[in-house]
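Every number in this text was worked out from the coordinates using simple rules, so none of it is lab data. For clarity, every value in this text was computed on a predicted model and none was experimentally measured. Here the Cβ is made from the backbone with ideal geometry for all residues, glycine too, and neighbour counts use every protein chain on show.
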Amino acid sequence: MDKRLESISQKALSGGDIGREEIRYMYDYAPLTSLGKIASEIARSVSGNKVSFVSNLILNYTNICNVRCHFCAFYRTGKEDDSYALSEEGVLQEISKYYDRFGITQLLIQGGVNPSLDLDYYVSLFRAIRKNFPKMGIHGLSTSEISFISRKARITVRELLPLLVEAGLETIPGAGAEILSDEVRKAIGRPAGSGKEWLSIMETAHSLGIRTSATMMYGHVESSLDRADHLIAIRELQKKYRGFLSFTPWNFEPGNTKLQETAGISHRAGGETVLRNIAISRIVFGSLLPVIQTSWLTNGVQMGQLAISFGANDWGGTIYDEKVIPATGKDVGNLRKETIVQSISSMGMTPVERDNLYREIRAYSS
Ligand code: SF4
């Protein structure tokens with residue numbers, strides 16, 4: 001290990017803040033295997049031999065969206081034959097197909113920014129989900145959806161969030177973070193100011209005691225410094241309230257997206273980039289943000305397993321019914337609990353089933 005990485009390693013292991021240039025160095029020059037060793041050591045000190053997972057269902061209740069990000073293959077304008085918006089009854093029916101059968105404890109419910117849906121729809125929907133499926137935590141709505149609902153209802157996000165929580169919302173996913181830099185967001189077709197808005201909505205949620213997740217989408221037009229700034233912004237917010245429960249770095253899927261043409265990106269980032277992002281996230285966040293997810297959904301099961309050796313300590317979920325990634329043409333499939341348990345065990349780790357709030361439900365002995 002060279003001197004620079006040695007000093008980064010010591011700083012990270014003693015809980016110090018890794019700086020912007022140090023993060024850039026890890027992205028651009030550090031050997032991947034060395035990063036993996038440092039990240040694994042940190043992960044062991046944070047969560048020992050345990051790797052968690054959740055039995056979850058992802059429900060994309062509408063694909064109609066007026067934001068139209070260039071990296072998204074999922075959205076429809078509302079005029080296409082395959083545009084949809086599920087009614088409350090439709091959502092409940094969809095959940096009931098999985099809830100008892102697979103012991104679902106987390107519902108990740110997200111969709112497009114559909115201009116015809118208002119606050120009453122969400123309040124009534126969350127209440128009905130809560131009533132009918134009480135053992136499941138609702139992990140719902142991106143910051144784009146939250147921002148739109150508040151504007152449509154003419155109330156602030158600070159006023160909106162307690163209403164959603166009272167109706168049944170438990171936590172908020174990290175979707176919409178992509179890369180927080182304004183310049184990058186402009187290039188990938190995100191509205192101006194939406195990076196600051198993501199941070200501001202997350203901060204509002206945390207200040208109200210609502211826990212959320214954080215994400216980063218890499219592998220498009222961003223630079224190493226853009227990634228560094230993104231990680232640092234999340235770390236700084238985490239210091240204020242410790243509101244982020246987990247961090248998931250996931251790679252851009254170019255299939256069927258406008259960004260594929262405009263930025264000339266024909267392939268998703270390779271395995272080296274996937275593992276480097278996992279390892280650097282772990283090194284930067286240390287024990288401050290204790291859970292780093294493998295994101296097997298975009299990285300695949302094999303990369304999910306390797307990510308465990310590069311500092312990830314949460315597998316993510318079983319992910320029944322997800323529709324966003326399949327829209328890019330990538331065949332995802334679902335994972336049964338048994339497959340996840342086996343995937344984690346075979347890496348020499350102890351699989352632990354958790355709930356939406358990362359509380360342990362059951363540890364599986366090998
Ligand atoms: S990523 Fe979300 S906000 Fe952007 S177009 Fe797709 S559904 Fe809409």
message: Every cysteine in the chain with no other Cys Cβ under 4.7 Å from its Cβ, please list them in numeric order.
response: 65
field: Charge-dipole axis of the chain as Lys and Arg at +1 and Asp and Glu at -1 on Cβ define it, positive-most pick from 285, 139, 172
entry: 285
message: Can you compute the modelled spin-label distance between residue 339 and residue 256, with each label point 7 Å from Cα toward Cβ, in nm?
response: 2.0
query: How many angstrom lie between the C-alpha centres of segment 243-294 and segment 79-94?
result: 30
Violating pairs (Cα-Cα greater than 26 angstrom) within the set 135/239; 97/131; 135/196: 135/239; 135/196
query: Got the relative contact order for segment 1-145 handy, in percent, Cα pairs under 8 Å and 6 or more residues apart?
result: 23
statement: So, with points 7 Å from each Cα along the Cβ direction, the residue 118-residue 365 label distance in nm works out to 5.8
Debye intensity ratio I(q)/I(0), log10, segment 1-44, q values 0.26, 0.30 Å⁻¹ (C-alpha model): -0.98, -1.27
- line: So residue 358 and residue 3, fully extended at 0.36 nm per residue minus their Cα-Cα distance, gain in nm 124.1 nm
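How much length, in nm to one decimal, is gained on full extension between residue 267 and residue 41, taken as 0.36 nm per residue of separation minus their Cα-Cα distance?
Details: separation 226, 0.36 × 226 = 81.36 nm, distance 3.17 nm.
Here the segment from residue 267 to residue 41 would lengthen by 78.2 nm.
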field: Crossing angle, helix 296-308 versus the chain [Cα axis fit, 0-90 degrees, rounded to tens]
entry: 30
task: Please figure out what share of the DSSP beta bridges in segment 3-363 is antiparallel and state it in percent, rounded to the nearest 5.
output: 10
- line: If the chain between residue 186 and residue 151 were fully extended at 0.36 nm per residue, the gain over the current Cα-Cα distance would be 10.4 nm
message: Give me the one-decimal Kirkwood hydrodynamic radius in Å for the chain, with the sum taken over alpha-carbon pairs.
response: 20.7
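If you take the square roots of the eigenvalues of the alpha-carbon gyration tensor of segment 183-324 and sort them as a ≥ b ≥ c, do you get rounded (a/c under 1.5), prolate (a/b over b/c) or oblate?
In terms of gyration-tensor shape, oblate.
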field: Relative contact order of segment 3-363, defined on C-alpha pairs under 8 angstrom at six or more residues apart (%)
entry: 25
